[in-house]
Amino acid sequence: MLHPTDPFQPSDPLHGWGEEAALSRSHYGIVIKPQVVMQSNKFVDACLIVAASDVSLQNFHILDVHNQDDPITGHIMSRYETRTYLMWPN
């Protein structure tokens, strides 16, 4: 597992596509120290807190090489890559 200071290195988003497809990086986002709290409806005193040091999200567009300038037929699909760094108690 990568350490949060390492650069975001997603897997190959063009995996499975031939030379007829091109890659365009779209959006990249980082959420720093996100926390999610879940509380039970059945047991009032029960709750679960999930925390991470950061969450990274990279969005890629797969484009048709022959129509990549066309906004309608150029975009084939989008792929997303996420990376989560969990916080473990010391």
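Nothing in this text is a laboratory measurement; each read-out follows from the coordinates by a stated rule. What you see is a predicted model, and the numbers here were worked out from it, not measured in a lab. Glycine also receives a Cβ, built like all others from the backbone with ideal geometry; neighbour counts cover every protein chain displayed.
Excluding Tyr28 itself, calculate the net charge of residues whose Cβ lies under 14 Å from the Cβ of Tyr28, where each Lys or Arg counts +1 and each Asp or Glu counts -1.
On the way: positive: Arg25, Arg79, Arg83; negative: Asp54, Glu81.
After counting each charged neighbour, the total is +1.
Give the calculated FRET efficiency between Ala46 and Glu20 to the nearest 0.05, with a Förster radius of 41 Å applied to their Cβ-Cβ distance.
Details: r = 53 Å, r/R0 = 1.29.
Calculated transfer efficiency: 0.20.
Based on the alpha-carbon gyration tensor of the range 28-86, what equivalent-ellipsoid semi-axes (square roots of 5 times the eigenvalues) come out, in whole Å, largest first? Present the calculation step by step, with values, prior to reporting the outcome.
Values: eigenvalues 315, 40, 9 Å².
Values for the range 28-86, descending: 40, 14, 7 Å.
With each label point set 7 Å from Cα along the Cα-Cβ vector, what nm distance links Asn59 and Ile76?
Roughly 2.0 nm, to one decimal.
Hey, rough spin-label estimate for Val31 and Ser11, points 7 angstrom out along Cα→Cβ, what's it come to in nanometres?
For the pair Val31/Ser11, the computed spacing is 2.1 nm.
Restricting attention to the range 9-79, which trypsin sites (Lys or Arg not before Pro) occupy a DSSP loop and are surrounded by at most 12 other Cβ atoms within 10 Å?
Details: sites: Arg25, Lys42, Arg79; in loops: Lys42.
Counting only loop positions with at most 12 other Cβ atoms within 10 Å, the trypsin sites (Lys or Arg not before Pro) in the range 9-79 are Lys42.
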